[in-house]
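Here the structure is laid out as structure tokens; the discussion comes afterwards.
The values are calculated or read from the model by the stated rules, or taken from the named source; none is laboratory data. Keep in mind that this is a model prediction, so the values were computed, not measured. No Cβ is skipped: glycine too gets one built from the backbone with ideal geometry, and neighbour counts run over all protein chains shown. Heavy atoms of the whole protein, side chains included, go into the accessibility calculation; ligands, DNA and RNA do not. Shrake-Rupley method; radii C 1.70, N 1.55, O 1.52, S 1.80 Å.
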Amino acid sequence: MGSIHNRTGMALGSAALLVGVALTAGAGTANADETGDLAPDSDLSAPLTSVTGVTAMESDGSYTMNLISPRDGHNMGFARWNADPQPAPDIPGDSLIAKDISPDGWSVEAELSTGRLASTRGHKAIYQKVVSGNLPEGNKYKLRGCIVKGSERTCTQWVSVHA
């Protein structure tokens with residue numbers, strides 16, 4: 001039985017690695033025509049040099065980006081694009097969601113290339129902000145997650161999403 005469990009574990013580990021590589025392979029291929037201004041923020045030289053995270057794309061175009069601290073690896077929250085309505089907890093489609101789950105003094109922002117921004121600034125963790133509004137079906141956009149504190153702002157790379 002041990003060899004079956006070992007082979008199953010190896011297969012699942014390989015599949016997870018393949019999915020991770022596939023999700024990050026096209027992350028930097030943004031086209032300014034369809035996404036708006038994708039120039040990096042001028043304050044990316046903050047002490048935090050990058051934000052990483054586990055990401056998941058769903059078949060309807062929804063995308064969740066868990067934000068992990070570059071300093072100590074703790075989960076700070078997530079940025080999410082919700083393409084279609086969710087019955088529970090009653091979140092409409094074409095929604096941008098930022099959720100801060102860590103009482104570390106940092107806030108979470110989810111930004112869409114249209115300029116739409118959901119931010120937890122000014123609220124104590126655990127807090128979630130949902131910003132919604134109808135967008136044309138099938139159009140492509142870009143999403144990124146940011147952590148912010150005062151004038152410091154560090155963001156992930158842009159990823160493709162669609163309405």
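For this structure, a couple of remarks:
- Those residues of segment 138-153 which are under 16 Å from the mean Cα position of the chain (by Cα) and either of a type in the set (A, V, I, L, M) or within 16 Å of Ser102 (Cα to Cα) (or both), in sequence order: Leu143, Gly145, Cys146, Ile147, Val148
- If you check Gly115, Gly93, Gly105, Gly77 for being crowded, with 17+ Cβ neighbours inside 10 Å and in a loop (DSSP other than H, G, I, E, B), only one passes: Gly93.
- Condition check for Asp60: in contact with an Asp or Glu (Cβ under 6 Å, 6 or more places away or on another chain), in a loop (DSSP other than H, G, I, E, B) and either loosely packed, with under 15 Cβ neighbours inside 10 Å or of a type outside the set (A, V, I, L, M) (or both): yes
- Within segment 101-138, tally of residues that are closer than 21 Å to Trp158 by Cβ and touching a strand residue (DSSP E or B) at 6+ places or on another chain (Cβ under 8 Å): 21
- Test set (1) surrounded by fewer than 17 Cβ atoms within 10 Å (Cβ to Cβ); (2) out of contact with any helix residue (DSSP H, G or I) (no Cβ under 6 Å at 6 or more places or on another chain) - Thr156 fails condition number: (1)
- Scanning segment 80-90 for residues that are in a strand (DSSP E or B) and open to solvent by 60 Å² or more (accessible area, probe 1.4 Å) yields no hits at all.
- Lys142 being touching a helix residue (DSSP H, G or I) at 6+ places or on another chain (Cβ under 6 Å) and not hydroxyl-bearing (Ser, Thr, Tyr): yes
- Yes/no for Val131 being part of a strand (DSSP E or B), free of Cβ contacts under 8 Å to residues at least 60 places away in the same chain and surrounded by fewer than 16 Cβ atoms within 10 Å (Cβ to Cβ): yes
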